[in-house]
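The values are calculated or read from the model by the stated rules, or taken from the named source; none is laboratory data. This is a predicted model, so every value here is computed, not measured. FYI the Cβ positions are ideal-geometry reconstructions off the backbone, even for glycines, and counts take in every protein chain you see. Calculation scope for accessible area: heavy atoms of the full protein, side chains included, ligands and nucleic acids excluded. Shrake-Rupley method; radii C 1.70, N 1.55, O 1.52, S 1.80 Å.
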Amino acid sequence: MPYRDTLAEVEFTLLRDSAFSYRCNACSRCCHNKAIRVGPYEILRLARCLGMTTTEFIARHTEAGGTILRMRDENNRACIFLDEKGCSVHPDRPLACRLYPLARWVDSDGVESFGHLTPHPKTEGVYGSSGCVGDYLDKQGVAPFFEMGDRYGLVYQRMVDRLESIDPDELELRQSSRNDVDETEAGIAASPWIDIDKTITEFCKANRRPVPDDIEGAVAIHIEAIISWIASDGI
C-alpha cells in the first residue's frame, strides 16, 4: 500500500535551543493511522523487549518489507503495540514515537532541524514553551537512536555509492525501489540486512566467531557484516 510522506508537510524551523515543551496525557490518539517506520536497531530493541528474534519480529509485527509496524486491523488502525493500558513496548518504542510531536531533519551538510507534526484534532497533549527542543529530546531518550541512525546512515551511503558505481541509473530508480518495498507482503523483509539476528548468525558462523548476545555487540557485528559484503562485491 502507498504510505503518505508526512515529513514533506513539515516546516523544519526549530533548533535544539528553540523554545518548546510538550506534555503527553496518554490519550493514545497519536497511536492511530500512522505509518511508524523502523530500522534495524529499532527492530532489534523491540524484538529483545518481546523476547524473540528479529526474524520472528519482522514476520509477526511488520509490513512494507520490514520497515513499518503493522496496525491492528483495517477498522481499528491502531499500532499493533497499543493495548488498553497504552504502549505495551514503551521503554523500547521507536524513534518516531519518542520524537512525537516533533520530526527531525538532517540535511546533506549534517545540519539538524526540527518541526511540528500535525496533531490529532482531539489530542489531549499540551504544547508550550517552558523548555527547549533539546530538553524534550533528552527526556525522550533519543540519543542512542540518533547515534545508531548516524552509524547505519554511513553504511547505507556506502551501499548506495556501490550500487551507483555498478548502475549509473540507480539514483533515478530509487523512488521506484522504495515503492516496491512499500508493496512487499507483510511479514517479509525486503532486504536481508534488516534482519540483524539472521545476518549476524550467518556471518559469525562463516567466520567462526561467537554470536553476541547484547544489543551493542549485535549492531557492531551487523554493520561489520554489511561492510564486508559491500567490499566483497556482494551487491
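Have a look at ASP83, ASP73, ASP135, ASP109 and point out the one that is among the charged types (D, E, K, R), at pLDDT 95 or above and surrounded by fewer than 18 Cβ atoms within 10 Å (Cβ to Cβ). Let's see the steps before the verdict.
Details: ASP83 fails: at pLDDT 95 or above; ASP73 fails: at pLDDT 95 or above; ASP109 fails: at pLDDT 95 or above.
Only one candidate passes the filter, namely ASP135.
Could you say whether any residue in segment 86-102 is free of Cβ contacts under 8 Å to residues at least 60 places away in the same chain, open to solvent by 50 Å² or more (accessible area, probe 1.4 Å) and outside any helix (DSSP H, G or I)?
Here is the first cut: in segment 86-102, the ones free of Cβ contacts under 8 Å to residues at least 60 places away in the same chain are 87-95, 98-99.
Now restrict to residues that are open to solvent by 50 Å² or more (accessible area, probe 1.4 Å): 87-88, 90-91.
If we keep only those that are outside any helix (DSSP H, G or I) as well, we get 87-88.
Yes, some residue in segment 86-102 is free of Cβ contacts under 8 Å to residues at least 60 places away in the same chain, open to solvent by 50 Å² or more (accessible area, probe 1.4 Å) and outside any helix (DSSP H, G or I).
Only one of these conditions is not met by TRP105: (1) in a helix (DSSP H, G or I); (2) touching a residue at least 60 places away in the same chain (Cβ under 8 Å). Which number is it?
Of everything listed in (1) in a helix (DSSP H, G or I); (2) touching a residue at least 60 places away in the same chain (Cβ under 8 Å), TRP105 misses just condition (1).
Sort out which residues of segment 1-24 are part of a loop (DSSP other than H, G, I, E, B), at pLDDT below 95 and either of a type in the set (S, T, N, Q) or open to solvent by less than 70 Å² (accessible area, probe 1.4 Å) (or both), and write them in order of number.
Answer for segment 1-24, where residues must be part of a loop (DSSP other than H, G, I, E, B), at pLDDT below 95 and either of a type in the set (S, T, N, Q) or open to solvent by less than 70 Å² (accessible area, probe 1.4 Å) (or both): TYR3, VAL10.
Could you tell me how many of the residues in segment 121-140 are in contact with a Pro (Cβ under 9 Å, 6 or more places away or on another chain) and outside any strand (DSSP E or B)?
2
Check THR118 against each of (1) under 13 Å from CYS24 (Cα atoms); (2) in a loop (DSSP other than H, G, I, E, B); (3) open to solvent by 60 Å² or more (accessible area, probe 1.4 Å) and name the one condition it does not meet.
Failed condition: (1).
Residue by residue, here is whether (1) under 30 Å from ARG72 (Cβ atoms); (2) surrounded by fewer than 12 Cβ atoms within 10 Å (Cβ to Cβ); (3) modelled with pLDDT of 85 or more holds:
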residue	(1), (2), (3)
ASP169	no, yes, no
ALA189	yes, no, yes
ALA206	no, yes, yes
GLY217	no, no, yes
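Could you list all residues from segment 191-201 that are in a helix (DSSP H, G or I) and either without any contact (Cβ under 8 Å) to a residue 12 or more places away in the chain or open to solvent by less than 70 Å² (accessible area, probe 1.4 Å) (or both)? Even if it seems obvious, please write down each step before you answer.
Going through segment 191-201, the residues in a helix (DSSP H, G or I) turn out to be 192-194, 196-201.
Passing the criteria: PRO192, TRP193, ILE194, ILE196, ASP197, THR199, ILE200, THR201.
I need the full set of residues from segment 27-39 which are farther than 17 Å from ASP83 by Cβ and open to solvent by 30 Å² or more (accessible area, probe 1.4 Å), in order please. Outline the logic, then answer.
Of all residues in segment 27-39, those farther than 17 Å from ASP83 by Cβ come to 33, 35, 37-39.
Across segment 27-39, the qualifying residues are ASN33, ALA35, ARG37.
Taking ALA59, is it over 18 Å from GLY149 (Cβ atoms) and outside any loop (DSSP other than H, G, I, E, B)? Lay out the reasoning, then the answer.
Working: over 18 Å from GLY149 (Cβ atoms): yes; outside any loop (DSSP other than H, G, I, E, B): yes.
Here the answer is yes, as ALA59 does meet what is asked.
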